[in-house]
Amino acid sequence: MTAVLERWGRDAVFHVAGLGTSIAGFTLWVTGVSVTLSLAITVVGLLSALAFFWAFRWFARMERHRAAIVLGAPIPERYRRGDPDASWFARLRAAAADPATWKDFAWTGICGVLGFACSVAVVCLWGSVLYLISLPIWYWAPNPPQSIGIMDFDTLGKAFAATGAGVLLIPVCGLLVRGITRLELAAMVPLLRPPRGEELAERVDVLTSTRAGAVDAQAAELQRIERDLHDGAQARLVALAMSLGMAEEKLDSDPAQARELLAEARGEARTALTELRDLARGIHPPILADRGLEAAILSIAARSPLAVTVEADLPRRPPAAVEGAAYFVVAEALANATKHSGARALLVRLALRDDALVVEVADDGRGGADPQGSGLVGLRRRVEALDGTLSVVSPAGGGTTLHAELPARAT
């Protein structure tokens, strides 16, 4: 019963909101058609057509969110991507060639007629039921209603009888409103929802882009590892071999110098081991696999020169690939803050919300980070390869905040 009452309430709210949007839609549609047609032979007419195309799109987006009242989620949208640097005429052509534009145009006009009629019918139905239920209250008014057209209520008993009739009509009204809601949705959803083929095409485009980004990020990572090995550990090992060779030559003729060369070789070996350990930690630290993301983040926070605060709410471990990406985001953000931001403190938040791992890294530095910089683009590609999202907010003088969300459904 609770679910039924909630559905009837959602239907009522949907149509009450539709009463306003249908009037707005009808006004917008009539104005757009009349202004555009009357000025069609002039440049102003073409400019007004572009403006009204965007207005219809705005109205359709609002209607998609109104549908969420009864559907539980907004109707998805998909428009063809345009060139943001294109001229206004090229934008007009692109909008006119997009079928979604004409669907928005059609629904704006239909909503002004069908949506208004449905909303008025629903308001009248529920208004009549509420009127009957509340009739005894009106009976004590200075001029109480005496008739509703088909029946006179000249006594208090008849007024209470009307209340009973109104209560009995509630389920009837609810069912009628449910049918009216389905009728409006039957016209709304096909026009405002992209065709299934377009949804699949958009998904393919996204996957193609993110997988290409993942390949680029992986290639850049391999190049970094190769560079670090060549410039770091490999150079140390070469020096180690040379020191051992010279020590071997001096062992008989100059034992003291041989011991000095062996000491240098020992130092080179320690340095090479440290660099190899740091390189391995940067690829995938053992503590991440053994103790999880929170422990790994606390480990790098302890080694940072900044004052790092870690807030973690992880009731379970995310998948290994997600943990690795989150660790890389935090490690890279911490490294960037240390080198470039001039920050003194940094806050890391980790949380699992609705099967998504949310990672937020905020510093108190000078801000002004370029979201299109190579480092942040690499982070974004790594996150998007797992169907995640990454955003950067970095106003000048206001610090930098990285916000990443990665799917982390339990397996």
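Miscellaneous remarks
- Leu130 being under 30 Å from the mean Cα position of the chain (by Cα), open to solvent by 70 Å² or more (accessible area, probe 1.4 Å), at pLDDT below 90 and within 22 Å of Val177 (Cα to Cα): no
- Selection from the stretch 1-15 of residues that are over 12 Å from Gly115 (Cβ atoms) and either assigned to a helix (DSSP H, G or I) or in contact with a Leu (Cβ under 7 Å, 6 or more places away or on another chain) (or both): Thr2, Ala3, Val4, Leu5, Glu6, Arg7, Trp8, Gly9, Arg10, Asp11, Ala12, Val13
- The condition (being buried (at least 16 other Cβ atoms within 10 Å of the Cβ), in contact (Cβ under 8 Å) with a residue 24 or more places away in the chain and more than 19 Å from Ala121 (Cα to Cα)) is satisfied by just one residue among Ala67, Ala49, Ala17, Ala12: Ala49.
- Flag: Gln218 does not match the condition of being surrounded by 13 or more Cβ atoms within 10 Å (Cβ to Cβ), at pLDDT 60 or above and among the polar types (S, T, N, Q).
Residues checked against (1) small (Gly, Ala, Ser); (2) more than 19 Å from Arg193 (Cα to Cα); (3) open to solvent by 60 Å² or more (accessible area, probe 1.4 Å); (4) within 30 Å of the chain's Cα centre (by Cα):
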position: Ala86; (1), (2), (3), (4): yes, yes, no, yes
position: Arg91; (1), (2), (3), (4): no, yes, yes, yes
position: Ala100; (1), (2), (3), (4): yes, no, no, yes
position: Asp104; (1), (2), (3), (4): no, no, no, yes
position: Trp107; (1), (2), (3), (4): no, no, no, yes
position: Cys111; (1), (2), (3), (4): no, no, no, yes
position: Phe116; (1), (2), (3), (4): no, yes, yes, no
position: Ser119; (1), (2), (3), (4): yes, yes, no, no
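- Residues satisfying the stated conditions in the stretch 70-83, i.e. of a type outside the set (Asp, Glu), open to solvent by 60 Å² or more (accessible area, probe 1.4 Å) and touching a residue at least 60 places away in the same chain (Cβ under 8 Å): Leu71, Pro76
- Listed by first and then second residue, the pairs linking a residue in the stretch 101-113 that is within 16 Å of Pro76 (Cα to Cα) to a residue that is open to solvent by 10 Å² or more (accessible area, probe 1.4 Å) and basic (Lys, Arg), with Cβ atoms under 6 Å apart and 6 or more places separating them unless they lie on different chains, are Asp104/Arg57.
- Residues in the stretch 314-342 that are closer than 15 Å to Ile300 by Cβ and either more than 21 Å from the chain's Cα centre (by Cα) or not hydrophobic (A, V, I, L, M, F, W, C) (or both): Glu323, Gly324, Tyr327, Ala331, Glu332, Leu334, Ala335, Asn336, Ala337, Thr338, Lys339.
- Residue selected from the stretch 356-386 under the condition modelled with pLDDT under 80 and open to solvent by 70 Å² or more (accessible area, probe 1.4 Å), by the criterion farthest from Val322 (Cα to Cα): Asp370
- Residues of the stretch 346-405 that are of a type in the set (S, T, N, Q) and over 17 Å from the mean Cα position of the chain (by Cα): Gln372, Ser374, Ser394, Thr400.
- Qualifying residue in the stretch 72-85 (condition: part of a helix (DSSP H, G or I) and touching a helix residue (DSSP H, G or I) at 6+ places or on another chain (Cβ under 6 Å)): no
- Residue among Ala121, Ala106, Ala117 that is in contact with a Leu (Cβ under 7 Å, 6 or more places away or on another chain) and closer than 30 Å to Gly174 by Cα: Ala106
- Top-ranked residue of the stretch 158-192 - restricted to ones that are within 26 Å of Pro76 (Cβ to Cβ) and of a type in the set (Lys, Arg), ranked as most open to solvent (accessible area, probe 1.4 Å): Arg182
- On the stretch given as the stretch 20-46, residues that are open to solvent by 70 Å² or more (accessible area, probe 1.4 Å) and among the polar types (S, T, N, Q) total 2.
- Note on the stretch 310-344: residues that are within 21 Å of Leu357 (Cβ to Cβ), open to solvent by 70 Å² or more (accessible area, probe 1.4 Å) and free of Cβ contacts under 8 Å to residues at least 60 places away in the same chain amount to 5.
- Leu306 vs. criteria modelled with pLDDT of 85 or more, aliphatic (A, V, I, L, M) and within 27 Å of the chain's Cα centre (by Cα): no
- Filter result for Leu298 (surrounded by 13 or more Cβ atoms within 10 Å (Cβ to Cβ), at pLDDT 85 or above and within 22 Å of Glu332 (Cβ to Cβ)): yes
- Of all residues in the stretch 344-371, those that are closer than 12 Å to Ser304 by Cα and among the aliphatic types (A, V, I, L, M) total 2.
- Residue in the stretch 395-411 that is nearest to Ala343 (Cα to Cα), counting only those that are in contact with a strand residue (DSSP E or B) (Cβ under 7 Å, 6 or more places away or on another chain) and open to solvent by 20 Å² or more (accessible area, probe 1.4 Å): Thr401
The values are calculated or read from the model by the stated rules, or taken from the named source; none is laboratory data. As the structure is a prediction and not an experimental result, all values here were calculated from the model. Cβ atoms come from the backbone with ideal geometry, glycine included; neighbour counts cover every protein chain shown. For the accessible areas, the whole protein counts, side chains as well, though only heavy atoms, and no ligand, DNA or RNA atoms are used. Shrake-Rupley method; radii C 1.70, N 1.55, O 1.52, S 1.80 Å.
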